[in-house]
Amino acid sequence: MKRKHFKLYLGIAFLASSLLACSDILEEQPRSIYEPGFFTTEKGVNGGLSSLYAHLRYIYGQGYYYNTTLTGTDEYTYAQSADANFKDMDLSGVGSITPSSSRADVVWGAAFPNINTASGIIENGEAVESVSDALIAEARFFRAFDYFLLVQTFGGVPLDLGAGELKFNNSPVRVSVRNTVPEVYTKAIFPDLLRAIEDLPAEPRVTGGVTKNVARLFLSKAYLTYAWWLENPNNVPTYPEAARQDPDGHNAAWYHQQAYDIALDGITNPGPYALQETFYDLHAGANDRNSEMMLYADHTEDSEFYNASSLSWSNGAAPENFAAWFVTWNYTNIWSAKDAARTEDVSSVRREAAQAYGRPWTRMAPTIGVFTNTFADKTLDSRYDATFVTAFRGNWKKDGDAEDVLYNANGLPVSNGDAILSFLDEDNAAVVYPTQTETKDNPGFDYSNVGAGTLAGRADFVIEPSAISRLRYPGLWKLGTYRTDSGDGLGQPNGALTRPFYIAKFSEFYFIAAEAAVKGATTEAGYSARDLINVIRARAGKWNWDNNGNAPKVEDNSAAMVAATPAEITIDYILEERSREYFGEGYRWYDLIRTQKWEEFAGSYQIAGAGRLDNEAQTITRTIEKYHYLRPIPQGQIDGLEMTDVEKAAYQNPGYN
């Protein structure tokens, strides 16, 4: 796959902008550039605000950025069809992260124009009599949001885009000075979010709009992240170089306490937000935009214009939502036979616009440890079943095939809707894997066509956790395709996803407060770290549907889940719980670099190879250097600077020159 790189100069205000159509949706109207006068009218401010929401699509759901947040962690590695975009991020010797290869360029390219737009609204909109403080607060939120994303990814970044710190700039500039990490937090992120909390409404202005509690969530997380930065337990270097001292004189403990207090405010003053009853409800496509979802990059199947992409095909580029394809293996290679003699094979699981399937690209594969360690409990905890696709069911009749029955594992018949291939919960010594693929006359022939095994008496092919490979692995149901317009057929699986891509959830308040408590924050009665984590675990014990069994399952294991929670909550345990809760959603790299646990959790992993007959787990070692805790400044940015070579080298993060 060809890499796409963006050459952007700081200070250029460009991005698709939008105009408000009505009180509850955002109607987009593309615009190439903003002039200062645009933000001196109410219409201009509203248009600029809509663009701030629209810019989320250029980051979230963008598959290459998604890759940078997960590949190289304990959650994902590169898969069989991966190119250098994915192998580079794995740090396992098959590639290397460079300023030209790092797909964190997505963040750099999308965030700075949006920051400039937000500054234009703040600077000019406040003088417009009909523009409320609440509208300006939305711009403040997004400016802080983007700076928080940038500072976590790259370290210190410029506050001056050409017209002065946090000033709107409408002239291209080719010089830049990076501020330090403390300056970015204390001059930009914290002040903007504090003001946003003060001025934003409790209820969203539009569907998916930001509120006081959305701002609280990001402020508490920013406080927590900055506290870790000040503490720096593993001596990870920062850049530009700066003393680990807060300009306002506070220490890490003070910021941990602030993180706890603000997160607790979010929990006790929820506004329109609440946890869903079950983890399945949280991610079921039919329940999108539910009360737990606080911020998302929105899409729709109602209109290609408002979806910002085709409903039937995709280029695999922003602003489309296509991230889930990268973690979807090519399940359409699974074969069954048309007759008992197995003289003619057919694909029995076709590409379908359904949450369990979608477009398979096989770029990223989960590690074996995900299934043997992270999700070791597959009985009480519903999150395994409501995260993954482990049963791939026949759907050939939806494609017009006439056969009522096909013949599958052990030559047994299967009907449309039956499981054709299943990933087992546990290893089973009785599983027999194929040994060769050349001829059907050999008893070791690979009838499944994907190297799956058989168990006596079972009609479905099976794969054990220890045989999960770069070729075949459980899919990611929680982010999968969901459409309502497929009728009785396969629908449009090649169209970009029309679901919102979720960025922030109400549940994270509990994790932030718990983490701050473990780091020493004074807690309130009933809100200790264990109390907070147990709210999440109790919900995880509730079932109302067996996703992979495709049948109702009403079961409440909350008491058992709570009883199994350790008496002492540690950072390691919180990280394990965060992975169970947010697996595959793009949180993991940021969680591991915040806590400086990246090498500890992801320094090695296990997975089988990329061939059809590869079913033996291999242990792979990663080389994670401390400089990797920051991504490189994109080469396009460096090339565009009119500075000396020495100055350009100094602008780049150490380790990447």
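The values are calculated or read from the model by the stated rules, or taken from the named source; none is laboratory data. On a predicted model such as this, the values are computed, not experimentally measured, just so you know. No Cβ is skipped: glycine too gets one built from the backbone with ideal geometry, and neighbour counts run over all protein chains shown.
Things to note:
- Those residues of region 542-575 which are buried (at least 17 other Cβ atoms within 10 Å of the Cβ) and charged (D, E, K, R), in sequence order: 542, 546
- Filtered by the rule that a residue be crowded, with 21+ Cβ neighbours inside 10 Å and assigned to a loop (DSSP other than H, G, I, E, B), region 77-116 gives 79, 82, 91, 97, 99, 102, 103, 104.
- Hey, residue 368 over 22 Å from residue 504 (Cα atoms), surrounded by 17 or more Cβ atoms within 10 Å (Cβ to Cβ), among the β-branched types (Val, Ile, Thr) and touching a Leu at 6+ places or on another chain (Cβ under 7 Å) or not: no
- Within region 215-240, no residue that is closer than 19 Å to residue 262 by Cα sits with its Cβ atom under 7 Å from a residue that is modelled with pLDDT under 95 at 6+ positions apart or across chains.
- Applying the criterion of at least 2 residues that are hydroxyl-bearing (Ser, Thr, Tyr) to the helices (runs of 4 or more DSSP H) found wholly in region 246-322 leaves 252-268.
- Residue within region 372-388 that is under 21 Å from residue 447 (Cβ atoms), in contact (Cβ under 8 Å) with a residue 24 or more places away in the chain and among the aromatic types (Phe, Trp, Tyr) present: no
- Taking the criterion of being crowded, with 18+ Cβ neighbours inside 10 Å, among the small types (Gly, Ala, Ser) and part of a loop (DSSP other than H, G, I, E, B), the only residue of region 598-657 that qualifies is 617.
- Meets criteria (surrounded by fewer than 22 Cβ atoms within 10 Å (Cβ to Cβ), in a helix (DSSP H, G or I) and of a type in the set (Ser, Thr, Tyr)) for residue 510: no
- Qualifying residue in region 150-166 (condition: under 15 Å from residue 38 (Cα atoms), in contact with a Lys or Arg (Cβ under 6 Å, 6 or more places away or on another chain) and either touching a residue at least 40 places away in the same chain (Cβ under 8 Å) or of a type in the set (Gly, Ala, Ser) (or both)): no
- Listed by first and then second residue, the pairs linking a residue in region 97-109 that is free of Cβ contacts under 8 Å to residues at least 12 places away in the same chain to a residue that is surrounded by fewer than 23 Cβ atoms within 10 Å (Cβ to Cβ) and hydrophobic (A, V, I, L, M, F, W, C), with Cβ atoms under 9 Å apart and 6 or more places separating them unless they lie on different chains, form an empty list.
- Screening residue 196 on (1) in a helix (DSSP H, G or I); (2) buried (at least 22 other Cβ atoms within 10 Å of the Cβ); (3) in contact (Cβ under 8 Å) with a residue 60 or more places away in the chain shows it passes everything except condition (3).
- Lone unmet requirement of (1) of a type outside the set (A, V, I, L, M); (2) without any contact (Cβ under 8 Å) to a residue 40 or more places away in the chain; (3) crowded, with 18+ Cβ neighbours inside 10 Å; (4) closer than 16 Å to residue 57 by Cα for residue 298: (2)
- Across region 377-419, the qualifying residues are those that are of a type in the set (Asp, Glu) and surrounded by fewer than 20 Cβ atoms within 10 Å (Cβ to Cβ), and the one among them that is nearest to the chain's Cα centre (by Cα) is 377.
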